[in-house]
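In what follows, a structure is listed as structure tokens, so that the remarks can point back to it.
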Amino acid sequence: MSSSITSVLQENRVFEPADSIKASAAVSGMDAYNALCQQARDNPDAFWGERARELLSWSKPFTRVLDESNAPFFKWFDDGELNASYNCLDRHIGTANENKAAIIFEADDGAVTRVTYKELLAKVSQFANALKAQGVKKGDCVIIYMPMTIEGVVAMQACARIGATHSVVFGGFSAHALHDRIQDIGAVAVVTSNYQMRGGKELPLKSIVDEALSMGGCEKVQSVIVYQRTQTAVNMVAGRDHFMAEVMAAQSTECAPEMVNAEHPLFVLYTSGSTGKPKGVQHATGGYLLWAAQTMKWTFDLKDSDVFWCTADIGWITGHTYVAYGPLAAGATQIVFEGVPTFPNAGRFWQMIEKHGCTIFYTAPTAIRSLIKAADSDESVHPKNWNLSSLRILGSVGEPINPEAWMWYYRHIGAERCPIVDTFWQTETGGHMITPLPGATPMVPGSCTLPLPGIEAAIVDESGNDVANGAGGILVVKRPWPSMIRTIWGDPDRFVKSYFPEELKGYYLAGDGAVRSEDRGYFRITGRIDDVLNVSGHRMGTMEIESSLVAKTDLVAEAAVVGRPDDVSGEAIVAFVVLKRPVPTGDEANAIAKELRKWVGQDIGPIAKPKEIRFGENLPKTRSGKIMRRLLRAIAKDEEITQDTSTLENPHILSQLSQKH
Ligand code: PRX
């Protein structure tokens with residue numbers, strides 16, 4: 001057990017929500033929370049049905065709430081029809097929100113652009129018309145490979161408007177990763193940008209799309225639409241490539257939304273699994289949007305006057321639910337930020353909170369930890385230099401937040417006034433699952449506390465039996481919920497095997513270990529129980545990195561990848577590599593490690609680069625040839641090997657593998 005987990009388990013500080021928040025909260029106090037949970041348990045159909053009618057506009061009302069007849073392929077509201085973009089935009093027109101800022105965009109260089117709901121609707125409609133003019137129609141798939149910009153959100157909303165399913169690929173992924181996703185989803189169009197600006201640097205996107213498309217197998221792609229983020233010219237392929245501004249200029253600012261069935265796939269987002277290639281997590285329109293809107297109210301207690309800021313990129317699920325859909329469905333004003341937290345200096349987040357009067361701030365523990373480090377070593381970027389009194393609520397997402405980081409966030413950013421919602425959820429869950437409610441739940445640092453009403457989260461053993469509080473186990477969700485993954489795109493068998501394994505009695509398997517506290521029954525996530533790493537809040541499959549390393553066939557014979565705890569990124573990637581040549585040492589070892597790191601960066605993306613590479617003439621294996629990963633994890637942590645190594649075929653390689661590069 002890592003030291004941070006041990007310290008979380010011993011945590012006994014409790015922080016009550018501030019009265020000022022509690023007084024006006026959507027869910028005020030634990031009695032209100034418990035009552036909602038009870039209602040959801042007693043009559044789930046009535047509970048969810050009521051919320052779907054209250055929070056969303058339906059062009060054809062549903063008559064059925066949950067259809068379990070083909071479990072685990074659950075359907076929600078499936079005879080109802082709606083449009084996600086209508087619900088995020090048109091619904092606010094003619095209300096007080098019409099001229100409210102929907103997005104306050106701050107570019108990497110600090111330039112600010114605002115769009116109102118009315119203006120955003122016009123842009124989305126224009127781009128939706130442009131997509132149609134390119135031949136994109138309902139049921140088609142569109143890849144979006146865009147930076148954090150208003151245009152990125154416009155592209156997603158425009159797809160939703162015409163009933164096209166989007167798949168956003170994070171701008172840090174390589175041509176190879178992009179190619180695999182374009183091919184897997186069978187995209188007919190790609191929306192990209194010439195370049196993206198991050199940390200003062202201009203980074204290419206369009207040329208990576210060109211490279212991906214040249215890899216073959218992407219023949220369905222008819223058009224590539226390019227947003228010109230910077231003045232730098234890029235190669236445009238005649239007939240295939242078009243500038244976003246040009247195709248939009250020709251179009252009307254009105255576009256009737258295409259109403260779709262509630263189960264129509266709104267988007268597919270690829271995420272890493274423990275085996276094989278990334279999984280295309282498919283989300284449905286109705287249930288997903290309901291949960292996006294509902295959690296904006298419950299978890300963030302959103303009010304009309306709030307200025308909401310989720311720092312996640314639209315390339316990840318957090319940027320889908322809490323940038324592209326949730327805030328708009330809820331009629332919020334939100335900040336969208338193009339850059340990075342450390343440019344021009346590590347005070348950027350705090351400066352932006354002051355500048356825009358941000359009231360709800362939602363970020364990842366890895367960002368907090370790196371900003372703590374920066375503030376500790378440079379007073380000028382300490383948050384005390386800015387006026388953060390506009391803040392009401394703070395949020396954390398993506399990985400467990402260690403109590404030390406939690407306390408700093410609470411004290412220095414929230415002035416011990418703002419509740420912290422430590423939201424546990426996943427790409428597959430569509431929205432928050434286990435989290436404190438800001439006006440109700442007493443908080444314990446490092447614990448995501450209790451499930452949202454209607455979410456039947458539990459901890460079970462390997463046969464699906466409940467374990468007692470205090471005993472660790474497997475995190476499951478016992479009942480379906482509206483925003484759950486519908487299937488893995490094109491691979492329903494893998495969906496069932498990955499998330500509903502037979503031995504778990506039909507429960508949804510999250511893939512995380514967890515433990516509930518003995519006193520309050522609070523959940524604490526102890527980390528993944530599969531071969532998935534969480535590096536800076538990003539999910540990476542160890543197999544994906546191993547496959548990439550062995551694909552360097554001129555050099556690598558075998559590779560095994562494990563995670564090791566890291567102060568800033570949560571986990572760091574450590575790769576153990578057997579080369580097709582003698583074990584290198586000194587400068588040669590460093591040069592090869594550098595080459596392999598570069599290769600993985602190009603093959604998958606910079607986030608997958610191993611922090612450390614260690615070489616051996618073999619990997620530690622049992623006599624039956626199984627790689628002893630537990631042993632590798634211990635070596636990666638520089639722990640003394642106390643495990644029994646008598647079953648090891650080749651014990652002498654342990655000392656070789658201790659050398660870091
Ligand atoms: O291990 C859990 C961790 O992130 C995983 C989900 O990653 P992803 O699908 O990329 O979505 C991240 C953003 C929702 C989970 O299986 N995780 C996420 N949030 C938390 C967390 N671990 C502990 N505490 C959290 N609040």
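The values are calculated or read from the model by the stated rules, or taken from the named source; none is laboratory data. Source: prediction; values computed, not measured. Reconstructed Cβ throughout: ideal geometry from the backbone, glycine too, with neighbour counts over all protein chains shown. Ligands, DNA and RNA are stripped out before the accessible areas are found, and what is left, the full protein with its side chains, is counted by its heavy atoms. Shrake-Rupley method; radii C 1.70, N 1.55, O 1.52, S 1.80 Å.
Here are a few things to note about the model shown:
- Close amide H contacts of residue 75 (hydrogens built in the peptide plane, cut-off under 5 Å, sequence separation of 5 or more or a different chain): 67.
- Qualifying GluC sites (Glu not before Pro) in region 43-110, DSSP loop, other Cβ atoms within 10 Å at most 16: 68, 98
- Semi-axes of the equivalent ellipsoid of region 223-346 are 27, 22, 20 Å, computed as sqrt(5λ) over the eigenvalues of the C-alpha gyration tensor in descending order.
- The modelled label-to-label distance for the pair residue 645/residue 235, using points 7 Å beyond Cα in the direction of Cβ, is 5.1 nm.
- Viscosity 1.306 mPa s, temperature 10 °C, Stokes-Einstein D of region 316-437 from Kirkwood C-alpha radius, µm²/s: 107
- Each helix, a run of at least 4 DSSP H residues, gives -39500 (n - 2.57); summed and divided by the residues of the chain, these come to -8500 deg cm²/dmol at 222 nm.
- Sites listed here are trypsin sites (Lys or Arg not before Pro) in region 470-552 whose DSSP assignment is loop and whose Cβ has at most 13 other Cβ atoms within 10 Å: 505.
- Computed over all pairs of different Cα atoms, the Kirkwood value for the hydrodynamic radius of region 337-381 is 11.0 Å.
- For region 542-648, convex hull of alpha carbons as volume per residue, Å³: 112
- Estimated translational diffusion coefficient (Stokes-Einstein, Kirkwood radius over Cα pairs, 4 °C, 1.567 mPa s) of region 508-566: 94 µm² per second.
- Positive-end residue, the chain charge dipole about Cα centroid, Cβ charges, pick of 139, 407, 129: 129
- FRET efficiency for residue 624 and residue 591, using Cβ-Cβ distance with R0 set to 56 Å, rounded to 0.05: 0.95
- The residues of the chain expose, per residue, 37 Å² of accessible area to a 1.4 Å probe.
- Listed residue (272, 548, 423) projecting farthest to the positive dipole end of the chain, Cβ model: 548
- Once the Cα gyration tensor of region 193-234 is diagonalised, semi-axes √(5λ) in Å: 23, 11, 7
- Equivalent-ellipsoid semi-axes for region 397-478 (Cα gyration tensor, √(5λ), whole Å, largest first): 26, 14, 12.
- When every Cα-Cα distance of region 1-108 is counted in 5 angstrom steps from zero, the calculated P(r) takes the values 2, 8, 10, 11, 12, 14, 15, 12, 10, 5, 1, 0 percent.
- Under the convention that each Lys and Arg Cβ holds +1 and each Asp and Glu Cβ holds -1, the size of the dipole of the chain around its Cα centre is about 500 debye.
- Rel. contact order, % - alpha carbon contacts under 8 angstrom, at least six apart, the chain: 14
- Pairs beyond 21 Å (Cα-Cα), from 611/637; 100/303; 22/355; 201/598; 75/497; 598/626: 22/355; 598/626
- Range of Cα positions in region 141-180 per principal axis (Å), largest first: 29, 21, 7
- Scanning residues 5 or more positions from residue 615 or on other chains, those with amide H under 5 Å from its amide H are 577, with H placed 1.01 Å from N in the peptide plane.
- Rounded D (µm²/s) - region 595-661, Kirkwood Rh over Cα pairs, Stokes-Einstein at 20 °C, 1.002 mPa s: 164
- DSSP-assigned coil residues among GluC sites (Glu not before Pro) in region 455-549, each with at most 15 further Cβ atoms within 10 Å: 462, 518
- The largest-to-smallest principal axis extents of the Cα set in the chain are 74, 65, 59 Å.
- Remark: region 126-139, residue by residue, has Karplus-estimated 3J(HN,Hα) of 4, 6, 4, 4, 5, 4, 4, 5, 7, x, 7, 9, 3, x Hz, where x stands for each Gly or Pro and the curve is 6.51 cos²θ - 1.76 cosθ + 1.60 at θ = phi - 60°.
- Between the beta carbons of residue 658 and residue 462, assuming R0 = 35 Å, the FRET efficiency works out to 0.60 to the nearest 0.05.
- Working from label points 7 Å from Cα in the Cα-to-Cβ sense, the residue 79 to residue 303 distance is 4.2 nm.
- Shape parameters for region 34-77, alpha-carbon atoms, Rg then Dmax in Å: 11.6, 33
- Whole-percent carbon and sulfur share, accessible surface of the chain, 1.4 Å: 48
- If the chain linking residue 275 and residue 520 were pulled fully straight, counting 0.36 nm for each residue of separation and taking away their Cα-Cα distance, it would gain 84.6 nm.
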